[in-house]
Structure formats: C-alpha cells, structure tokens
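One structure below.
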Amino acid sequence: MESFGVPWPPLNEGILYRDDLPATFPTSSLLDFYCTKYKHSAPREGWQQRILNGQIMVDGEVVEKLDRYVRAGNQLTYHRLPWTEPPAPWMLEILYEDDHLLAVNKPSGFQVLPGGLYQQRTVLTQLMWRYTSAADTQTQMQTRSCVPSPVHRLGRGTSGVLLCAKTKVVKSKLSVELAKGASLQVSNQFDICSVAEKHIVKIYRALVVGIIDIDETFIEEPIGMISYPGVLKGLYAATPEGKPSRSKVVVLQRDLKNNCTLVQVEIFSGRPHQIRIHLAFLGYPLKGDPLYISGGKPDTSHMALLEDFQQGIINQDDGGYLKPINPVPGECGYHLHAHKLMFIHPITEKPLQIVARCPSTLCMPGEECN
C-alpha cells in the first residue's frame, strides 16, 4: 500500500496565542494581564522577559515596553518561541482513499492533533503538507478545507486505523454517528448492534497482563476526569461520576507462560483512553502501560518526580516554567491497536470494512502481521 510523509524539521514554528479583550475588560497593564491569565505558563519575571524579547503584539504591533497598558477591544498575540519537539514517527500508510474519505494506519508514538509538546509533529500536519504541497499559497488557502481531517482520535501510543474526512459534509455525518455512541445510556441489555444499526463499529486488539478466565465480558464502568498532580486539567479514569461507557472484551489467546492474554475489544462509546481504563478496571491492565493500573486509576507512585517541577524551575530560553517531557508516567509503550473499522459510507451508503494489520505482538497464529 502507498505511504506518505515528510521528515520533521529540527525546530517547529512556535505557537501564536491570541486574546481579544472584551468590551467589559478593565484597563490593565500588559504584564498584569498575562501574569493573571497565564500564571501557570510563567512567573512575572518570565513574562517580563517575553515582552522585552518582542514576543508580544498589541493590535499587530510588537510591544517591548513593560509599562504598556491594554484596554477593551485590543487584540493581544503572544508568540511562543520555536522548539525541538520530542521524536515522533512521520510516515503514514494509506489503507483506503476516495473523493470523500481517507483512512491511514497510524504508528504508535504519533500524535493525531496538536497538544502539549507536540504542536507540529502530528498526523494533522502531515495531512496538511501532503494535500497542499503541490499548490501555491493562494491555492492552498482555497483548498485548505479539502485537507483530510481526523473524525476521531487515537491515543499517541495506539496504532491502527484512523479515519479522516475530506469534506465538511462527510465529517459532519460521521461525527453524528460517532456521537450516537458517545451519548449511549447504560443498560443491562448487551445486544450487539449490526453495522447497519450502529453505522460505526470499532474493533481493537490489546495485550493485557494476567490470564482472563472468562471468554467474553462487557465493561460498563463510567469514565471521567479526576484531579492529578502536575496535570492542570486532571486525567481520565474510572470514576462513578464519569460518563457512561461500554466495552466488549473477547479473549483470543491465553499465554500462560508469559502471564498475558490477547483480547479483542469492541467499544460502544468513545471516551478518552477507554480501553486502557476499562481493562485496568477489570484487573488486567495493558502490557507495558505505565499509567493505568488495576482499578482503572492512574499510577501515583512517581509523584515525587513531579514535585520538583511544581517548585517553579524556569526555562531560561523562554522564561516559562520548565515542564517535564512526560508529566504522567507515560503515553506510549502499551500494546493497543485499532484493528478494524466498519461503517456505512456517508455518501455511497455502502458498507466498508477497513483493516490495519496488527503488530506481531498482537497477531494470532497464521495471521499476516505488520
């Protein structure tokens, strides 16, 4: 199958953060504004450094004076300086493509959308480069809406089928179908919907620690955010206060010698880290998962490593607080693969099945592996 990708440059382009001050905004110094709104980004001395560096603009003009005041109606722009992002894959294998859809095989370690330290080294960037590289600047602006856009996410450490829409209409239709699963209500009825009924069926392969005795089981533990030191918004975990979630787990192979079980997982909702959390909740965390442990909660044994970063260590180049590369125990290393995606084509209305061959660690005997 065809693959595409461009090697990453040493530095990204940095990030622009914009703030439009509302009509009710009281007059304030530029420094006070950033120190108040973005206090978790840098200390006062750091924001002073950024202003003096010329990294902040007011209404399109660079400001390098600490005594500048801003008021309602001003547009502020802060330019975060370019940096070298952590290593990431850059090649994507095309599994399916037509005028409306693109499905790629995402490698483990490849982030889908910008976030955290990964602002350029993402699947979205490679899609933009591929589908605009042959056009001039004006044409790029006209065709940017045609750049395939991911309609769902896979965790950075998860490999496999990633479906993208080439038009807004297709993305809207697929988003509606995905939302049906996200809004499911917990019930005691475990009827398996057909593709025609559910429209989107997602099948995963996973390798877990321990031997699962039962051949088939369902997990309906709610998933929601819980507080976690070092992570401002917290982390997703199994919690009674979370949103309804449902997974079906089928045992494919038991490895008594290595104390692990190969399973197939079908998810009926799309909560973040759902499979990792649900299998850990069941008492069988993914093999190699450094974050989620039995019970479906994140590991807290490394907390001491984060305390230093909460004491205000400053990045001298940028003026901001130094952040750990991995604020949580890890986003990769676990064995999880999006194996199959089955759905009704939103335009042709014909059933489609897209398959990404499994890594060797997740293959059954006789299967063709990646």
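The values are calculated or read from the model by the stated rules, or taken from the named source; none is laboratory data. None of these values were measured; they are calculated from a predicted model. Reconstructed Cβ throughout: ideal geometry from the backbone, glycine too, with neighbour counts over all protein chains shown.
Residue check: residue 281 meets all listed conditions (1) over 30 Å from residue 366 (Cα atoms); (2) modelled with pLDDT of 95 or more; (3) in contact with a helix residue (DSSP H, G or I) (Cβ under 7 Å, 6 or more places away or on another chain) but one, namely (3).
Only one of the listed residues (76, 113) is among the aliphatic types (A, V, I, L, M) and exposed (fewer than 15 other Cβ atoms within 10 Å of the Cβ). That residue is 113. Residues in region 251-270 that are of a type outside the set (Val, Ile, Thr) and either over 15 Å from residue 200 (Cβ atoms) or outside the structural domain of residue 221 (by TED's automatic domain parsing) (or both): 252, 253, 254, 255, 256, 257, 258, 259, 260, 262, 264.
Scanning region 230-247 for residues that are closer than 30 Å to residue 176 by Cα and outside any strand (DSSP E or B) gives 239, 240, 241, 242, 244, 245, 246.
What about residue 266, is it acidic (Asp, Glu) and in a loop (DSSP other than H, G, I, E, B)? No: the conditions fail for residue 266.
If you filter region 203-229 down to residues that are part of a loop (DSSP other than H, G, I, E, B) and not charged (D, E, K, R), you find that the one that is farthest from residue 294 (Cα to Cα) is 229. Residue-level check: of (1) closer than 30 Å to residue 170 by Cα; (2) modelled with pLDDT of 95 or more; (3) in a loop (DSSP other than H, G, I, E, B); (4) not aliphatic (A, V, I, L, M), residue 99 misses just (2).
Just one of the listed residues (42, 23) is in a loop (DSSP other than H, G, I, E, B) and under 32 Å from the mean Cα position of the chain (by Cα), namely 42. Has region 30-52 got at least one residue that is without any contact (Cβ under 8 Å) to a residue 12 or more places away in the chain and among the polar types (S, T, N, Q)? Yes; the residues of region 30-52 include at least one that is without any contact (Cβ under 8 Å) to a residue 12 or more places away in the chain and among the polar types (S, T, N, Q). Scanning region 154-166 for residues that are under 21 Å from residue 357 (Cβ atoms) and in a loop (DSSP other than H, G, I, E, B) yields a count of 5.
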